[in-house]
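Novice: Take a look at this one; I'll ask things after.
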Amino acid sequence: MEFIAQNMAPIMFASLIIFLLIGYPVAFSLAANGLMFFFIGVLLSPYSGGSINLAWPLLHALPDNFYGSRVMSNDTLLAIPFFTFMGIVLERSGMAEDLLDTIGQLFGPIRGGLAYAVIFVGALLAATTGVVAASVIAMGLISLPIMLRYGYDRRVAAGVIAASGTLAQIIPPSLVLIVLADQLGRSVGDMYAGALIPGIVLTGLYMLYILIMSIIRPKSMPALPLEARTLGHGVLSLIAALLVTAAVSYAAYRYFAPAHGDNADILGATAGVIFIYIVAIADKGLKINMMSRLAQQVIIVLIPPLALIFLVLGTIFLGIATPTEGGAMGSVGALIMAAVKGRLSLDVIKQALTSTTRLSSFVLFILIGARVFSLTFYGVNGHIWVEHLLTSLPGGETGFLIGVNLLVFFLAFFLDFFELAFIIVPLLAPAADKLGIDLIWFGVLLGVNMQTSFMHPPFGFALFYLRSVAARVPYLDRLTGKQVAPVTTGQIYWGAVPFVCIQVIMIGLTIAFPQMVMHYKGTAADSGTIDYKVPEIPGLTPLGAPPADTGTAPANGGAQPGSDLSQPPNFGDSPPAKPAAPQPDLSQPPSFN
């Protein structure tokens, strides 16, 4: 009994892992585990030697945990349904289809062009939707048949689609970053700012891998044939349009700079983009043909999602809107984009609301179960056990980071990122904070690591999403009429392995170059260059200087040096004569009456 009572925390944690491996739902496993060990802990409390602090009245704290600021009244988590709704509406609006077709035409003449297009569009979808399932399913349905049609290696095609879809986990406005910020007690805006550069670097690493593979194995990713490039040529026209946009943006920046200061560059860029978008719309609508078809299509298709990204992330980074308000504006923007394309219907809204409610309920129930589990786990001093276990790892901060990343990487084989965020992160955060690790940097590092949970064979969710839309049996290509072989599950798994390795490399880069994340704090000021100046006020004696003797009485009867402050102030009348003090008689003993 004493052994069980004094080791309740590790026994409780191990039993939770067993519950999850058996296959019980996560939310119910957390809640049931917490309640079961609460009852056991109350009974074994007398045998624990003070290591168990549980009593029946402590259960009264659960309603406050549910309805307090941690769950039902949590404004931070309110951003999750907004971003989910925005992502589902954008998926139904056909934006991904238009982007993949246009960017594929742009990169088509080069080897691996379709793969570059998938990665580029995956990054754009990540910055607009923040939902992995929406990105993977959309690109799997649209781009996989095209890549197979033109002779792409199935493993390369499957790996690129699955990996680019998981960019929605690390590129803002990621749902994972919202949950991590909430669990770490940090600002979502800071988490978004810190994750932006790692997300861009990871996108660049994916493209670098495609470049290397296109050189080593050119037949695995051929260029688009000439007959497939329906938009024709026109890259020079697109470059000319970009130069005009840059010139207009610079002129607008010079115009806005005197009045708007630091925001003038953003306003200038906005003016340039709006100008070239209007020009492209007019050129296509009036059939002036000043631009090539390729330039027209790229500008018209690319600018709306970029505008939506600015509407969501730009307002958050500028401090104009909170993440919740940014998500609300993004949802409205997604509805407008779907309406403009003529794809907004009651059925689309109903599907988006259904998916949003399902995901929000999933998150909410996991969080409620986590609160029940943590109430008991903290009552048996589990947080102290975890903190001592992690801070005592050899190697100090470096050993802690290596151990934590190995733990999360291993658990990602079995647990979803929401489960990791709600179960593991609250246990890791106190130890990281005690070691002096910046929690925003730590959160981004965990976000990159948890991204591997989508790509791990055999339990990666991105692989399941792609498996659900990839062909399982041979089919006839609708364009060429040729029979196309199916994509096997093994090809999907093997295609994901190189990208899992790239994600592991990204974890190492984030540890080696923390400034990729720490830039969110801005540039630190050098205290040696700060010049302190006290403004001069007329009539005020400078600090440290003796009072000036002008020989005249100050105006309004102000105090002069040597004035008697024990008397009432004098406002201009002659001061009454002060009676002379009586001289003491020193020949007599002193009197104390």
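Novice: Can you name the condition, by its number, that Gln296 falls short on among (1) surrounded by fewer than 16 Cβ atoms within 10 Å (Cβ to Cβ); (2) touching a Ser or Thr at 6+ places or on another chain (Cβ under 9 Å)?
Specialist: With (1) surrounded by fewer than 16 Cβ atoms within 10 Å (Cβ to Cβ); (2) touching a Ser or Thr at 6+ places or on another chain (Cβ under 9 Å) applied to Gln296, the lone miss is (1).
Novice: Give the residues of segment 4-22 that are of a type in the set (S, T, N, Q) and either open to solvent by 40 Å² or more (accessible area, probe 1.4 Å) or under 15 Å from His383 (Cβ atoms) (or both), sorted by residue number.
Specialist: Of everything in segment 4-22, those that are of a type in the set (S, T, N, Q) and either open to solvent by 40 Å² or more (accessible area, probe 1.4 Å) or under 15 Å from His383 (Cβ atoms) (or both) turn out to be Gln6, Asn7.
Novice: Same structure, new question: Quick one: count up the residues across segment 243-265 that are within 16 Å of Ala307 (Cα to Cα) and open to solvent by 50 Å² or more (accessible area, probe 1.4 Å).
Specialist: Here is the first cut: in segment 243-265, the residues within 16 Å of Ala307 (Cα to Cα) are 245, 249, 265.
Next, only the ones that are open to solvent by 50 Å² or more (accessible area, probe 1.4 Å) stay: 265.
Residues that pass the stated criteria total 1.
Novice: Being out of contact with any Gly (no Cβ under 8 Å at 6 or more places or on another chain), crowded, with 19+ Cβ neighbours inside 10 Å and modelled with pLDDT of 85 or more narrows it down to one of Leu428, Leu420, Leu406, Leu415, so name that one.
Specialist: Leu428
Novice: Only residues in segment 306-331 that are farther than 15 Å from Leu196 by Cβ count as the first member; pair them with residues that are polar (S, T, N, Q) and surrounded by fewer than 18 Cβ atoms within 10 Å (Cβ to Cβ), Cβ under 7 angstrom, at least 6 apart or cross-chain, and list the lot.
Specialist: Ala321/Thr315; Met329/Thr315
Novice: Related question: If Ile336 satisfies all but one of (1) farther than 20 Å from Ala133 by Cα; (2) part of a helix (DSSP H, G or I); (3) touching a residue at least 24 places away in the same chain (Cβ under 8 Å); (4) among the hydrophobic types (A, V, I, L, M, F, W, C), what's the number of the condition it fails?
Specialist: Condition (3) is where Ile336 drops out.
Novice: Among the listed residues Ala27, Ala96, Ala32, which satisfies the condition of being in contact (Cβ under 8 Å) with a residue 12 or more places away in the chain, open to solvent by 30 Å² or more (accessible area, probe 1.4 Å) and not polar (S, T, N, Q)?
Specialist: On the way: Ala27 fails: open to solvent by 30 Å² or more (accessible area, probe 1.4 Å); Ala96 fails: open to solvent by 30 Å² or more (accessible area, probe 1.4 Å).
Exactly one of Ala27, Ala96, Ala32 is in contact (Cβ under 8 Å) with a residue 12 or more places away in the chain, open to solvent by 30 Å² or more (accessible area, probe 1.4 Å) and not polar (S, T, N, Q), namely Ala32.
Novice: For segment 463-473, check the following and say yes or no: at least one residue is surrounded by 14 or more Cβ atoms within 10 Å (Cβ to Cβ), basic (Lys, Arg) and without any contact (Cβ under 8 Å) to a residue 40 or more places away in the chain.
Specialist: Checking segment 463-473: at least one residue is surrounded by 14 or more Cβ atoms within 10 Å (Cβ to Cβ), basic (Lys, Arg) and without any contact (Cβ under 8 Å) to a residue 40 or more places away in the chain.
Novice: When both residues are 6+ apart or on different chains and their Cβ atoms are under 9 Å apart, which pairs have a first residue that lies in segment 498-519 and is among the aromatic types (Phe, Trp, Tyr), and a second that is buried (at least 18 other Cβ atoms within 10 Å of the Cβ) and not in a helix (DSSP H, G or I)?
Specialist: Phe499/Met455
Condition check ((1) modelled with pLDDT of 80 or more; (2) aliphatic (A, V, I, L, M); (3) in contact with a Leu (Cβ under 6 Å, 6 or more places away or on another chain)) across all residues:
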| site | (1), (2), (3) |
| --- | --- |
| Asn7 | no, no, no |
| Pro25 | yes, no, no |
| Asn33 | yes, no, yes |
| Met36 | yes, yes, no |
| Ile40 | yes, yes, no |
| Gly50 | no, no, no |
| Leu54 | no, yes, no |
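Novice: Looking at this structure, is Pro172 within 21 Å of Val121 (Cβ to Cβ) and open to solvent by 20 Å² or more (accessible area, probe 1.4 Å)? Explain how you work it out, then say what you get.
Specialist: Values: within 21 Å of Val121 (Cβ to Cβ): yes; open to solvent by 20 Å² or more (accessible area, probe 1.4 Å): no.
No, not satisfied.
Novice: When you go through (1) buried (at least 24 other Cβ atoms within 10 Å of the Cβ); (2) in a loop (DSSP other than H, G, I, E, B); (3) modelled with pLDDT of 85 or more one by one for Tyr152, which number turns out not to apply?
Specialist: (1)
Novice: What are the residues in segment 364-385 that are out of contact with any Pro (no Cβ under 8 Å at 6 or more places or on another chain) and among the aliphatic types (A, V, I, L, M), if any?
Specialist: If the condition is that a residue be out of contact with any Pro (no Cβ under 8 Å at 6 or more places or on another chain) and among the aliphatic types (A, V, I, L, M), then Leu364, Ile366, Leu367, Ile368, Val372, Leu375, Val380, Ile384 are the ones that fit.
Novice: Here is a further query. Please specify each residue of segment 255-289 satisfying the condition of being among the basic types (Lys, Arg) and assigned to a helix (DSSP H, G or I).
Specialist: Lys284
Novice: Are there any helices (runs of 4 or more DSSP H) wholly within segment 356-426 with 2 or more residues that are touching a Lys or Arg at 6+ places or on another chain (Cβ under 9 Å), and if so which? Give the derivation first.
Specialist: Values: elements: 382-391, 396-411, 417-423.
The qualifying helices (runs of 4 or more DSSP H) are 382-391.
Novice: Residues in segment 37-47: is at least one aromatic (Phe, Trp, Tyr) and open to solvent by less than 20 Å² (accessible area, probe 1.4 Å)?
Specialist: Of segment 37-47, the ones aromatic (Phe, Trp, Tyr) are 37-39, 47.
Subsequent filtering for residues that are open to solvent by less than 20 Å² (accessible area, probe 1.4 Å) retains 37-38.
Yes, that holds for at least one residue.
Novice: Among the residues of segment 305-333, what is the count of those that are open to solvent by less than 30 Å² (accessible area, probe 1.4 Å) and not in a helix (DSSP H, G or I)?
Specialist: Of the residues in segment 305-333, 1 are open to solvent by less than 30 Å² (accessible area, probe 1.4 Å) and not in a helix (DSSP H, G or I).
Novice: If a residue must be surrounded by 23 or more Cβ atoms within 10 Å (Cβ to Cβ), part of a helix (DSSP H, G or I) and either of a type in the set (D, E, K, R) or modelled with pLDDT under 80 (or both), how many such residues does segment 128-138 contain? So that I can check it myself, show each step before the final result.
Specialist: Within segment 128-138, the subset surrounded by 23 or more Cβ atoms within 10 Å (Cβ to Cβ) is 128-132, 134-136, 138.
Still in the running and part of a helix (DSSP H, G or I): 128, 132, 134-136, 138.
If we keep only those that are either of a type in the set (D, E, K, R) or modelled with pLDDT under 80 (or both) too, we end up with 128, 132, 134-135, 138.
Of the residues in segment 128-138, 5 are surrounded by 23 or more Cβ atoms within 10 Å (Cβ to Cβ), part of a helix (DSSP H, G or I) and either of a type in the set (D, E, K, R) or modelled with pLDDT under 80 (or both).
Novice: Just checking, how many residues over segment 340-379 are at pLDDT below 85, surrounded by fewer than 18 Cβ atoms within 10 Å (Cβ to Cβ) and charged (D, E, K, R)?
Specialist: Residues in segment 340-379 being at pLDDT below 85, surrounded by fewer than 18 Cβ atoms within 10 Å (Cβ to Cβ) and charged (D, E, K, R): 2 in total.
So that you can scan it fast, the table gives a plain yes or no per residue for (1) within 22 Å of the chain's Cα centre (by Cα); (2) of a type in the set (A, V, I, L, M); (3) buried (at least 24 other Cβ atoms within 10 Å of the Cβ):
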{"residue": "Thr84", "(1), (2), (3)": "yes, no, yes"}
{"residue": "Gly87", "(1), (2), (3)": "yes, no, yes"}
{"residue": "Phe107", "(1), (2), (3)": "no, no, no"}
{"residue": "Ala115", "(1), (2), (3)": "no, yes, yes"}
{"residue": "Val121", "(1), (2), (3)": "yes, yes, yes"}
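Novice: Quick one: would you say Glu397 is at pLDDT below 85, open to solvent by 10 Å² or more (accessible area, probe 1.4 Å) and within 17 Å of Thr510 (Cβ to Cβ)? Show your work before the answer.
Specialist: Working: at pLDDT below 85: yes; open to solvent by 10 Å² or more (accessible area, probe 1.4 Å): yes; within 17 Å of Thr510 (Cβ to Cβ): yes.
Spelling it out, Glu397 is indeed at pLDDT below 85, open to solvent by 10 Å² or more (accessible area, probe 1.4 Å) and within 17 Å of Thr510 (Cβ to Cβ).
The values are calculated or read from the model by the stated rules, or taken from the named source; none is laboratory data. All of these numbers come straight from a predicted model, not from anything done at the bench. Every residue, glycine as well, gets a Cβ built from its backbone with ideal geometry; the counts of neighbours run over all protein chains shown. We work out accessible area using only protein heavy atoms, side chains counted, and drop any ligands, DNA or RNA first. Shrake-Rupley method; radii C 1.70, N 1.55, O 1.52, S 1.80 Å.
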